[in-house]
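See below for the structure under consideration.
Just so it is clear, none of the values below were taken in a lab; they were calculated from the coordinates. As the structure is a prediction and not an experimental result, all values here were calculated from the model. Note: ideal-geometry Cβ built from the backbone for every residue, glycine included; neighbour counts use all protein chains shown.
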Amino acid sequence: MTTLAANKPAYDGKTLDLTGKSGARAFKNTLATVLIVLCFLVALVPLLWILWTVISKGYHLLLDPNWWSQSQRGVTVRRVGGGAYHAIMGTLIMALICAAIAVPIAILGAIYLVEYGKGTKAAKVVSFMIDILTGVPSIVAALFIYAVWITVFGFNRVGFAVSLSLVLLMLPVVLRSTEEMLKLVPDELREASYALGVPKWKTILKVVVPTAFGGIITGVMLGLARVMGETAPLLILVGYSKNINLNPFEGFMGALPTMINQDRTELALQPAADRVWAAALTLILLVLLLNLLARVIARFSTIKSK
Amino acid sequence: MAKRIEVSGLNVYYGDFKAVEDVSMTIEPRSVTAFIGPSGCGKSTYLRTLNRMHEVIPGARVEGKVMLDQQDLYASGIDPVAVRRVVGMVFQRPNPFPTMSIFDNVASGLKLNGVKDKKKLTEVVEASLKGANLWNEVKDRLEKPGSGLSGGQQQRLCIARAIAVEPEVILMDEPCSALDPISTLAIEDLIEKLKDKFTVVIVTHNMQQAARVSDQTAFFNLAATGKPGRLIEMGPTKQIFSNPNEKATEDYITGRFG
């Protein structure tokens with residue numbers, strides 16, 4: 001001990017400069033900060049601009065109760081009046097049927113990829129196909145369903161056909177996000193469950209999926225938001241009707257994107273222009289509402305305080 | 001309850017890589033057996049073969065026999081799920097189910113296996129939490145999420161969860177390595193208590209811990225990196241720590257390597 005203390009170098013009396021940044025580094029730091037803030041603002045400007053335009057031009061029609069309860073039946077582009085009930089219901093019906101088909105397939109597919117098929121050839125093929133499907137443009141999906149539904153099977157153009165083509169667009173979005181969420185669930189939780197003598201399927205159902213539930217719901221909502229704004233499948237597979245039609249298996253059906261498209265041709269006329277903006281705002285609100293709903297569902301299901 | 005484990009000629013593989021070679025040992029019921037040895041010597045891998053948890057990893061397999069009293073756990077027709085109901089496990093890092101309350105965490109083993117009787121569940125949860133020395137700390141907040149507890153409490157929650165299904169054997173894979181000394185002491189006291197009812201096997205890096213809690217100690221080592229781990233020596237803890245038969249054991253225990 002004594003020798004160690006003796007060998008210890010003495011305090012050398014020099015003061016280290018720990019105070020200032022060097023000029024060049026300070027400059028780079030400021031430059032990077034300014035650039036990042038600018039990029040943020042540039043990204044924000046169009047978003048706020050769109051929101052402001054749509055809200056300011058569309059809000060007054062939404063305040064009219066008729067907007068939510070009436071259709072455009074008999075309303076011409078020059079006339080004020082009518083509502084978007086037919087289009088809101090059409091959009092909701094087609095999107096929900098689509099979700100009812102796509103969500104179970106997507107979630108089960110993701111469970112297969114993460115929990116069962118990991119590393120197998122089948123999983124690689126499925127994964128590759130999903131990647132391709134992600135890049136399929138909506139008009140191609142619509143034409144594919146047209147070919148199968150109308151040309152091959154000989155059915156009519158109806159809302160259900162639109163739902164089928166939307167499934168092709170929603171499936172890869174939901175499957176990929178669910179897959180990512182399931183991968184985030186730590187293996188330790190699966191092993192903890194196995195160690196209690198719980199079978200694999202029950203572990204997935206009661207431990208893995210509930211842990212990832214919030215993220216899965218978010219993915220479903222992103223998928224819904226995407227398909228609700230699609231226009232090409234509507235134009236090709238169901239056309240547009242100004243009347244209320246709640247039957248997805250018969251007749252033309254209104255929808256918000258096609259309602260916008262309908263009145264867009266006469267934008268010079270004020271009543272038509274007003275309806276375009278109002279329909280756009282309605283569509284944004286619809287997606288927003290579904291998102292809020294999803295958050296509420298996710299919150300209620302994760303905190304189980306009973 | 002509490003059963004004897006007899007292992008003979010066990011080889012453990014990850015794909016083509018042999019991780020543990022030719023292990024034979026007897027683990028006595030109602031006692032604590034500690035596995036010690038340097039990192040990578042295969043003691044955790046070996047532990048995981050005792051409740052067929054090893055095969056959860058793709059490509060992993062086992063040769064040899066693990067007898068639980070008269071039954072070979074690796075005989076054909078044996079269901080790994082059934083094995084794990086009898087041989088429970090506590091992991092290195094506390095892993096309570098994040099979506100479940102404290103109550104549901106402890107009850108999970110029973111609930112997920114179909115027990116619905118509310119009265120029985122309440123009884124088992126209380127008994128298990130008392131058995132894990134956690135009851136007094138959580139009895140007023142059983143409905144709160146289990147992830148809100150401290151690390152040491154979470155680990156005792158995991159032990160409560162493991163004993164709630166009334167296994168014969170409890171395997172512990174470095175249960176204290178993520179905990180502070182006070183929580184470690186709490187777990188060690190608990191292990192002492194658990195051996196009255198269960199066969200306890202514990203993997204530890206802490207030799208004082210092995211000396212404190214175990215009755216039998218097994219020392220694992222590997223000849224070189226990339227070679228399989230082997231059981232070097234096993235015997236009563238007192239003897240292993242005071243008068244080991246093998247030079248390697250003595251070197252490891254006295255801190256000359258590893």
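Values as computed for the structure displayed
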{"quantity": "The protein assembly as shown shape via C-alpha gyration tensor axes, a/c threshold 1.5", "calculated": "prolate"}
{"quantity": "Proximal aspartates and glutamates to B:Lys18, defined as alpha-carbon separation beneath 19 angstrom and excluding residues fewer than eight positions away on the same chain", "calculated": "B:Glu55, B:Glu63"}
{"quantity": "Mean-position separation - Cα centroids, segment B:79-104 and segment A:194-219, in angstrom", "calculated": "13 Å"}
{"quantity": "Test item: A:183-194 mean partner chain Cβ contacts at 10 Å", "calculated": "5"}
{"quantity": "Rounded tilt (10° steps) of B:118-131 against the dominant C-alpha axis of chain B", "calculated": "50 degrees"}
{"quantity": "Chymotrypsin sites (Phe, Trp or Tyr not before Pro) restricted to DSSP loop in segment A:16-115 with at most 13 other C-beta within 10 Å", "calculated": "none"}
{"quantity": "Mean-position separation - Cα centroids, segment A:121-187 and segment B:9-50, in angstrom", "calculated": "48 Å"}
{"quantity": "Test item: A:197-210 mean partner chain Cβ contacts at 10 Å", "calculated": "4"}
{"quantity": "Rounded if a/c under 1.5, otherwise prolate or oblate - segment B:88-170, Cα gyration tensor axes", "calculated": "rounded"}
{"quantity": "Computed over chain A: relative contact order in percent, which uses C-alpha pairs under 8 Å that are six or more apart", "calculated": "25 percent"}
{"quantity": "Number of partner chain Cβ atoms within 10 Å, mean per residue of B:96-106", "calculated": "4"}
{"quantity": "Over 24 Å (Cα to Cα) - which of B:Lys65/B:Lys193; A:Lys183/B:Lys227; A:Lys118/A:Lys200; A:Lys121/B:Lys43; A:Lys202/B:Lys130; B:Lys197/B:Lys238 fall in this group", "calculated": "B:Lys65/B:Lys193; A:Lys183/B:Lys227; A:Lys121/B:Lys43; A:Lys202/B:Lys130"}
{"quantity": "Coil-residue chymotrypsin sites (Phe, Trp or Tyr not before Pro) of segment B:198-238, DSSP, other Cβ within 10 Å capped at 14", "calculated": "none"}
{"quantity": "All aspartates and glutamates inside 19 Å of A:Lys242 as judged from Cα atoms, apart from same-chain residues fewer than 8 positions distant", "calculated": "A:Asp64, A:Glu230, A:Glu250, A:Asp263, A:Glu266, A:Asp274"}
{"quantity": "Separation in nanometres of the label points that stand 7 Å from Cα toward Cβ, at A:Leu108 and A:Arg25", "calculated": "5.9 nm"}
{"quantity": "Excluding exposed DSSP-loop trypsin sites (Lys or Arg not before Pro) (at most 10 other C-beta within 10 Å), longest clean stretch of chain B", "calculated": "B:117-255"}
{"quantity": "Cα→Cβ-extended label distance, 7 Å offset, between A:Thr134 and B:Arg256, nm", "calculated": "5.8 nm"}
